[in-house]
Amino acid sequence: MKSLIPFQSSNTRFIPKAAKTMFLPAEQRALTMFEKVIDYFLVEKSKIKSIYRYYNFPLKKELSKPKVFGDLQFDKDNCKRYQEEHFFTISNDGLFSGLLFYVEVYFDQENVLNNLKDKTNWSTPFLRLFDHDIVVEKGDTLNVITEIDLIVKEPSYKVNLTLKAKNKIFKSEYEWDVVSRCQTQDLNSKTSKSATA
């Protein structure tokens, strides 16, 4: 990911100023007919069903407050490689199977576009990490280690998840890059899946 800094003048103003990718544990809902059509044409038939694209995802499906997955400041050099650890506490009883991602675009301090809450034509991807839903209760905990590499020509991302629910531990990991070469692994069943979008 190349920096725009070498091309800017001293008084350059970037619009938008920044963009943050947010993520949170959520219940997966059924795709609408429109979403099924979009999903069919955007995903090759051979791809394992791990990422689902939703539009106007219902907030009632959230299982915890969101965390920042990625933060791009357009007036700074974003070429970096980093790892972060995120802790979620389940705030609502429900069925957990994966993570929901959405974007916040900052035009300035007061004007922020949130494609989860605002009406946009951008999808909110849901990353399914388990083949089955896991019953979670308020107070259960979720630990997610994220790895992001923006230095390489094709930026790559990885999530490593540990869920503690009802005195049981569930683990899964998923990694992908900008050309959508994906691999997901449910560490509980010791089986892995891979595909190319």
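Some values worked out for this structure:
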item	result
Filter pass, residue 95 being surrounded by fewer than 20 Cβ atoms within 10 Å (Cβ to Cβ) and hydrophobic (A, V, I, L, M, F, W, C)	yes
Any hit, the range 173-193, residues being of a type outside the set (Asp, Glu), under 22 Å from residue 66 (Cβ atoms) and modelled with pLDDT under 90	yes
Considering residues of the range 57-71 that are surrounded by fewer than 17 Cβ atoms within 10 Å (Cβ to Cβ) and over 19 Å from residue 96 (Cα atoms) only, the residue modelled with the lowest pLDDT	71
Cross-chain or 6+ apart pairs with Cβ under 7 Å, the range 155-179 first and free of Cβ contacts under 8 Å to residues at least 40 places away in the same chain and over 16 Å from residue 23 (Cβ atoms), then among the acidic types (Asp, Glu) and surrounded by 16 or more Cβ atoms within 10 Å (Cβ to Cβ)	156/149; 156/175; 164/140
Tally of residues being acidic (Asp, Glu) and part of a strand (DSSP E or B) across the range 99-125	1
Selection count where residues are among the charged types (D, E, K, R) and touching a Leu at 6+ places or on another chain (Cβ under 8 Å), scope the range 137-169	2
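Residue-by-condition table, conditions (1) farther than 25 Å from residue 172 by Cα; (2) surrounded by 15 or more Cβ atoms within 10 Å (Cβ to Cβ); (3) without any contact (Cβ under 8 Å) to a residue 40 or more places away in the chain:
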| residue | (1), (2), (3) |
| --- | --- |
| 75 | yes, no, no |
| 78 | yes, yes, no |
| 84 | no, no, no |
| 89 | no, no, no |
| 105 | yes, yes, no |
| 127 | no, yes, no |
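The values are calculated or read from the model by the stated rules, or taken from the named source; none is laboratory data. In this text the structure is predicted, and so the values were computed from the model without any measurement. Neighbour counts run over all protein chains shown; Cβ positions are idealised from the backbone, glycine included.
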